[in-house]
1. Of these, ALA200, ALA226, ALA184, which one is of a type in the set (Gly, Ala, Ser), surrounded by fewer than 16 Cβ atoms within 10 Å (Cβ to Cβ) and either more than 28 Å from SER240 (Cα to Cα) or without any contact (Cβ under 8 Å) to a residue 40 or more places away in the chain (or both)?
2. Determine which single condition THR85 fails, assuming it passes every other condition in (1) in contact with a helix residue (DSSP H, G or I) (Cβ under 7 Å, 6 or more places away or on another chain); (2) under 18 Å from SER210 (Cβ atoms); (3) among the β-branched types (Val, Ile, Thr).
3. Considering only residues of region 78-96 that are more than 19 Å from TRP245 (Cα to Cα) and among the hydrophobic types (A, V, I, L, M, F, W, C), which is surrounded by the most Cβ atoms within 10 Å (Cβ to Cβ)?
4. For region 284-334, which positions are among the basic types (Lys, Arg) and closer than 21 Å to GLU377 by Cα?
5. Given (1) part of a loop (DSSP other than H, G, I, E, B); (2) without any contact (Cβ under 8 Å) to a residue 40 or more places away in the chain, identify the lone condition not met by PRO176.
6. Does region 234-256 contain any residue that is in a helix (DSSP H, G or I), among the aliphatic types (A, V, I, L, M) and within 11 Å of the ligand (Cβ to nearest atom)?
7. Kindly list the number of the only condition in (1) touching a residue at least 40 places away in the same chain (Cβ under 8 Å); (2) closer than 25 Å to GLY321 by Cβ; (3) exposed (fewer than 15 other Cβ atoms within 10 Å of the Cβ) that fails for ASP156.
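The values are calculated or read from the model by the stated rules, or taken from the named source; none is laboratory data. This is a predicted model, so every value here is computed, not measured. Neighbour counts are summed over all protein chains in view; Cβ atoms, including those assigned to glycine, are modelled from backbone coordinates with ideal geometry.
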Amino acid sequence: MNITVSERLNGIGEYYFSLKLREIDELNKQGKKIINLGIGSPDLPPHPEVVKVLQEEAAKPNTHAYQNYKGSPVLRAAIAGFYKTWYSVDLNPDTEVLPLIGSKEGIMHICMTYLNTGDEVLIPNPGYPTYSSAVKLAGGKCVEYDLKEENNWEPDFDALETTDLTRVKLMWINYPEMPTGQQASVELFEKIIAFGKKHAILICHDNPYSFILNEQPISLLSAKGAKEVAIELNSLSKASNMAGWRVGMMAGAKERIDEVLRFKSNMDSGMFLPVQLAAAKALSLGKDWYHELNTVYAERRKYVFEILEKLGCSYDKSQAGMFVWAKTGADYKDGYALSDEVLYNKNVFLTPGGIFGSNGNKYVRVSLCAKKEVLQEALERITSSNPS
Ligand SMILES: Cc1ncc(COP(=O)(O)O)c(C=O)c1O
């Protein structure tokens, strides 16, 4: 029987990491013990109080039913409280927030909500690959905009202004930027909002890394007039160590929330209540939680800096987020060559920067989601002259 997949899947491959993890599994089956410094999945647990809420709520008989499509009022209030406390942004918990099953699903929902076939979307190069796959799956057309080191990984607005923007409906931005670790300034956010207003482009900001190795978390919604033209996604995956729990959020004007909910409410039937209540607990944690987390990441980062130095890479020490982004030296043609050499000869996997877009070709990205001892071992393998 000839079963064909839908045309919408044309040009959509299996996600890079899903393929690479299979290759790493194969290598491990051959007896190699690959140290995987590729993926940004926190290895640390959530706060014990968060786990306790989940356990206690899950043990109750009345927490197992379908839930409200808009999320529990407790979680919505916690999201609004979190935005107020950390970003000084006022959000109405009833109308301006929407809990999500991770921000990745939010990216897809936003694309499905706003794009007609052929609508154009500005996508960062380099950037998180899900933006382009979601745009393509929704029938839109990706228009890459360059982020370059010489321009501090910020969009070049002069260059963008010279292009035809008439068909552009959405623009994806993400600061602290993944993979480059670049942080946003208030001025950058103001420029982006002005750009969105001038060209009637909905600015979609993806903000999962603002608490990792970043002294000043900032939300695009804190820029003046932002709600008129911007929405923001946020996530508990990274800063709350809850990647597997699948909890994220969207924040923005009531109209945008209602529009996205129109799509989303046809896709899922709400989130398990104990998960929502535990997420609310996580969002209410204070400074100490983020301080402890960042102390661990800062210590790990020292080893990653050493690994990168041994590999002849250069990097910016002030980057934020849970990765280090580094430029390969003259010994390697590009990040793919370095990644392959280190994988096959040293049994350590680093992500080649080119998977995030052509402007990442000369770079590699190293995850901080590995224990100090593992990073020490990776450093030893890389320093040793013998293949592992
Ligand atoms: C830039 C960016 N956005 C979104 C996500 C997805 O986060 P979530 O776990 O909330 O779906 C990731 C995860 O790696 C990411 O790097």
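1. Details: ALA226 fails: surrounded by fewer than 16 Cβ atoms within 10 Å (Cβ to Cβ); ALA184 fails: surrounded by fewer than 16 Cβ atoms within 10 Å (Cβ to Cβ).
One residue alone meets the criteria, ALA200.
2. Among (1) in contact with a helix residue (DSSP H, G or I) (Cβ under 7 Å, 6 or more places away or on another chain); (2) under 18 Å from SER210 (Cβ atoms); (3) among the β-branched types (Val, Ile, Thr), the lone unmet condition for THR85 is (1).
3. Initial filter on region 78-96 (more than 19 Å from TRP245 (Cα to Cα)): 80-81, 83-96.
Applying the additional criterion that residues be among the hydrophobic types (A, V, I, L, M, F, W, C) yields 80, 86, 89, 91.
Working: ALA80: 21, TRP86: 18, VAL89: 21, LEU91: 25.
Residue satisfying both the conditions and the ranking: LEU91.
4. We begin by selecting, within region 284-334, every residue among the basic types (Lys, Arg); these are 287, 300-302, 310, 317, 327, 333.
Answer for region 284-334, where residues must be among the basic types (Lys, Arg) and closer than 21 Å to GLU377 by Cα: ARG300, ARG301, LYS302, LYS310.
5. The number of the failed condition is (2).
6. Filtering region 234-256 down to residues in a helix (DSSP H, G or I) leaves 243-245, 254-256.
Those left that are additionally among the aliphatic types (A, V, I, L, M): 243.
Retained after the next criterion (residues that are within 11 Å of the ligand (Cβ to nearest atom)): 243.
Looking through region 234-256, at least one residue is in a helix (DSSP H, G or I), among the aliphatic types (A, V, I, L, M) and within 11 Å of the ligand (Cβ to nearest atom).
7. ASP156 satisfies all of (1) touching a residue at least 40 places away in the same chain (Cβ under 8 Å); (2) closer than 25 Å to GLY321 by Cβ; (3) exposed (fewer than 15 other Cβ atoms within 10 Å of the Cβ) except (1).
Each row is one residue, and each column tells you yes or no for (1) surrounded by fewer than 18 Cβ atoms within 10 Å (Cβ to Cβ); (2) among the hydroxyl-bearing types (Ser, Thr, Tyr); (3) within 16 Å of the ligand (Cβ to nearest atom).
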position: GLU26; (1), (2), (3): yes, no, no
position: LEU37; (1), (2), (3): no, no, yes
position: ASP43; (1), (2), (3): yes, no, yes
position: VAL53; (1), (2), (3): no, no, no
position: PRO61; (1), (2), (3): yes, no, no
